[in-house]
1. How far is the Cα center of the range 14-49 from the Cα center of the range 95-118, in Å?
2. For the range 134-204 and the range 56-87, what is the separation of their C-alpha centers, rounded to whole Å?
3. Project the alpha carbons of the range 115-216 onto their principal axes and report the range along each, largest first, in whole Å.
4. Give the relative contact order (percent, whole number) for the chain; include only Cα pairs under 8 Å separated by 6+ residues.
5. Given the chain reduced to its alpha-carbon atoms as identical point scatterers, what log10 I(q)/I(0) does the Debye formula return at q = 0.17 Å⁻¹?
6. Under the Karplus relation 6.51 cos²θ - 1.76 cosθ + 1.60, θ = phi - 60°, what is the ordered set of whole-Hz ³J(HN,Hα) values for the range 106-114, x standing for Gly and Pro?
7. Nearest 10 degrees, 0 to 90: what angle lies between the long axis of helix 223-252 and the longest principal axis of the chain (Cα atoms)?
8. Calculated from DSSP H runs of 4 or more alone, at -39500 (n - 2.57) each and per residue, what is the 222 nm mean residue ellipticity of the chain, nearest 500?
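Laboratory data are not the source of any read-out in this text; all were calculated from the coordinates shown. Computed from a predicted model, the values in this text were never measured in an experiment. All Cβ positions, glycine included, derive from the backbone under ideal geometry; neighbour counts span all protein chains shown.
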Amino acid sequence: MNMALFPDVVVNGEAIPSAAIAAEAQNHTAPKDKPGIAWRKAAQAMAIRALLLQEARRRDLDPDPEELAPERFETEDEALIRALLDEALSIIPVTDEAVRAEWAKDPGRYRSAPLWDVSHILCACDPRDDAARAMAEARAQGMLARLDGDAKRFALTARESDCGSKASGGHLGQLGPGDTVPEFEAALRAIAEGSMTPAPVLSRHGWHIIRLNAIAPGQVLPYETVRPKIAQALEKAAWARASRDFIESLAKGAEIKGASLAPI
């Protein structure tokens, strides 16, 4: 990314180094052909950070870094921003009436995780090896063509699998969300009960032919079970709104050059 193409970012006379914005840009997504979007997002994030730090120092707050994980602590800037938001934001506690009203909008949203009864055939390879990946894909395509959608042949064909499940006809048993690698789960969610993937699916382990034998949909959970989760979500939303309003109030009295705080 050519940093010279982008304007300098200055917040209340404080210049933000282009190198810092470039480093921050690595944390923001953008289309490959539009790197400027990542830069603008990063410039916005750094401008907001500068506004908050300036306000924290104006209030003469002292940083008190907290331990985030074993031997991993906040930076002093992170601690300052946290202290500022703790002092500046006033969040109205979420009431039980608000939680129940949110739940009542659609109780069916709150379900236990589904269970999938799954079988697969694996043609193992290292996806980073172009030749090995192509050979394994051709092998998987050949197996899929032989199956021709016939579930009865699946267990027999699975004897050629590179997974230990071949001993049980490729059967993996019951799986829930998070039990498999993301690419496998994404393909699993896209197929109908009793069917298999129309094409081999590539994962970090190789090419899979996946069959969804049956699915047990998650059950609707009772209100008391989901109440803490809903309350937490409402509190998080309230905190986000209050933070946004506070930042907007700081921005109104600030002079910001080279960055926009409007949604990108």
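1. So the two Cα centres are separated by 37 Å.
2. One Cα centre to the other: 49 Å.
3. 39, 28, 23
4. Values: 355 pairs, mean separation 70.1, N = 264.
Computed value for the chain: 27 percent relative contact order.
5. Ignoring solvent entirely, the Cα scatterers give -1.14.
6. For the range 106-114, the Karplus-derived couplings read 6, x, x, 5, 9, 10, 6, 5, x Hz, x marking Gly and Pro.
7. Its long axis makes an angle of about 40 degrees.
8. On the way: 8 runs with 114 residues, N = 264.
Helix contribution divided over all residues of the chain: -14000 deg cm²/dmol.
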